[in-house]
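Since every read-out is calculated from the coordinates, none of them should be taken as a lab result. The structure presented is a predicted model; accordingly, all values stated were derived computationally and were not measured. Positions of Cβ are backbone-derived with ideal geometry, glycine not excepted, and every protein chain shown enters the neighbour counts.
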Amino acid sequence: MKKVLIITYYWPPSSGAGVYRWLKFSKHMQSFGWKPVIYTPSNPAIPRKDDSLLKDVPENIEVLKRPIFEPLEFYQKIISGKHDDNVGIGLLSSKKKSSWKMKLLFWIRGNLFIPDPRKYWIRPSVKFLLQHLKNDPVDAIITSGPPHSMHLIGLKLARGTGTKWLADFRDPWTNIDFYHQLGLTKLADKANHRLEKKVLASADLVTTVSPNWAKDLRSLGAKRIVTITNGFDHEEFDKVSLPQNTKFSIVHVGSMNNDRNPILLWETLSSLLEHHVDLKTLLEIILIGTVDYRVFEELNKYQLAEYVNHIEYMEHKKVVRVLCSSSILLLPLNNTPNVMGIIPGKLFEYLASGRPIISIGPEDGDTATILKETRTGEIIAYNNAAKMTSILNHYYELFKSKKLKLVPLGIDKYSRKNLAKKVCNYLDQLTK
């Protein structure tokens, strides 16, 4: 069996979206001839842990851990009292903060830590891994970013060993939606583009999660790039059989920052409550994850606060149960320039739940394509109030008549086992 070194900042018991992609792929890769070796920090700065994810780590794989030095923690704790990749750097604020402090934090994050605050792990990791690979070589290397410092480790290892290297972009680098918020100087911006181009041009294969992002990365210099989406595990959903919630529950899972604040939905729900008296006793808005304070301001503005059940954190296995018993799953997309290629990882678990999805975003983007192909929901443009009203009315009537259900079409290609097979096929091509 061939071996592949996977370099990732996120690994159980860390929780959050960054963990799932390579945790789940590594779970299935041995079935297709590749044994993963994981390299990850022993002391990552993470907001929460989810010990339930440890069960997905294959018992017979090697997990190498080395300490990491992250000085940005100091600055983030001053601003927000805790460390979080979202909270405290402008992507998402759980409460109002001093604007000058936030601007200072953006500037520090963007200009002193290039490409990101994990840069100080690059040199010691390369030194350690070069020695380790002399004694225990692998057939391929995979790096998972962001943080894109992981790619710089892969770049140096590939050059030092001649090993084939796959650079996986779960999110873009200079095209990521918050890049413009970092207050970059021209020098810092140039440095990021230079490093990005070097990674894209040097990797033997670049993968990313959506066709539009693949197109963007190709234009930035990727010499060979393919799309491998995120996915879902069948077994997590096949075991769940729950009755529909007695409430008309609209569920969102994951962080909700101001760029994906679904104001159109809040406005429409407020109007529907005036026309459907019974909805006042049935409506429930469930938000699982960190929510920006500006979202709550809009909920208050539209007099929806009393219908909100905010759960800041929930174990993944419990999240699956909430998804499967919901009425509607909410998928607002960031209203940012790179939105055409945004396919939230949660979408695929939404698909597997068999519950209707309402997504807010461009009707010709990559998420819209998946929703249309799988017949799992509706995509509504940011300002299309008429369509939002029509869809919510339709779903509410189906809910009351107990007919609010669907049968997803052709979603097996998004199972993580099938996607892991796709990864392994590309690794076979690289190393033959």
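Placing R0 at 30 angstrom, the Cβ-Cβ distance between GLU315 and ILE61 gives a FRET efficiency of 0.85 after rounding to 0.05. Of ARG218, ARG194, the sequence from fewest to most neighbouring Cβ atoms within 10 angstrom is ARG194, ARG218. Under the combined filter of DSSP loop state and at most 15 neighbouring Cβ atoms within 10 Å, the stretch 348-394 retains these trypsin sites (Lys or Arg not before Pro): ARG375.
Excluding same-chain neighbours fewer than eight residues apart, the lysines reachable from LYS372 by a Cα-Cα span under 22 Å are LYS215, LYS346, LYS387, LYS403, LYS405, LYS413. Sum up the charges of everything whose Cβ sits under 13 Å from the Cβ of PHE248, counting Lys and Arg as +1 and Asp and Glu as -1, but leave PHE248 out. It works out to a net charge of +2. Here is how the number arises for the chain: DSSP H runs of 4 or more residues each give -39500 (n - 2.57), the sum is divided by the residue count, and the result at 222 nm is -12500 deg cm²/dmol. The slack in the chain from ASN418 to GLU235, taken as 0.36 nm per residue of separation less the alpha-carbon distance, amounts to 64.5 nm. On the basis of the beta-carbon distance and an R0 of 30 Å, SER271 and ARG375 show a calculated FRET efficiency of 0.65.
Run a plain Debye calculation on the chain (Cα atoms as equal point scatterers, no solvent) and give log10 I(q)/I(0) at q = 0.11, 0.13 Å⁻¹, rounded to two decimals, same order as the q list. Debye curve over Cα of the chain, log10 I(q)/I(0) at q = 0.11, 0.13 Å⁻¹: -0.86, -1.21.
What number comes out for the charge environment of VAL206, summing +1 per Lys or Arg and -1 per Asp or Glu over other residues with Cβ under 10 Å away? With Lys, Arg at +1 and Asp, Glu at -1, the neighbours total +1. By the equivalent-ellipsoid construction on the alpha carbon gyration tensor, the stretch 103-235 comes out with semi-axes of 24, 20, 14 Å, ordered largest to smallest. Modelled spin labels at ASN393 and PHE128, positioned 7 Å past Cα toward Cβ, are 6.0 nm from each other. Computed over the alpha-carbon pairs of the stretch 246-289, the distance histogram in 10 Å steps reads 25, 51, 23, 1 percent, short to long. For VAL37, neighbours were defined as the other residues whose beta-carbon sits under 9 Å from its Cβ, and their charges (Lys and Arg +1, Asp and Glu -1) total 0. The trypsin sites (Lys or Arg not before Pro) of the stretch 138-168 include none that meets both criteria, a DSSP state outside H, G, I, E and B (loop) and at most 13 other C-beta atoms within 10 angstrom of the site's C-beta. Judged by the mean number of other Cβ atoms found within 10 Å, the most tightly packed of the peptides 25-36, 247-258, 310-321 leads the ranking 247-258, 25-36, 310-321. Spin-label model, LEU187 to LEU409: label points 7 Å out along the Cα-to-beta-carbon direction sit 5.6 nm apart. The magnitude of the dipole of the stretch 234-412, with charges of +1 and -1 set on the Cβ of Lys/Arg and Asp/Glu and taken from the Cα centre, is near 520 debye.
Using the alpha carbons alone, the radius of gyration of the stretch 173-241 stands to its Kirkwood radius in an Rg to Rh ratio of 1.17. The residue list LEU398, ILE38, TYR313 was ranked by how far each Cα lies along the charge dipole of the chain toward its positive end, using unit charges on Cβ atoms, and ILE38 comes out on top. P(r) for the stretch 234-412, from all Cα pairs and a bin width of 5 Å, is 1, 8, 18, 22, 23, 17, 8, 2, 0 %, short bins first.
Dipole size of the chain about its Cα centre, with +1 on Lys/Arg Cβ and -1 on Asp/Glu Cβ: approximately 1360 debye, rounded to the nearest 20.
Between TYR302 and ASP278, the modelled label-to-label distance comes to 2.2 nm, taking each label 7 Å out from Cα in the direction of the beta carbon.
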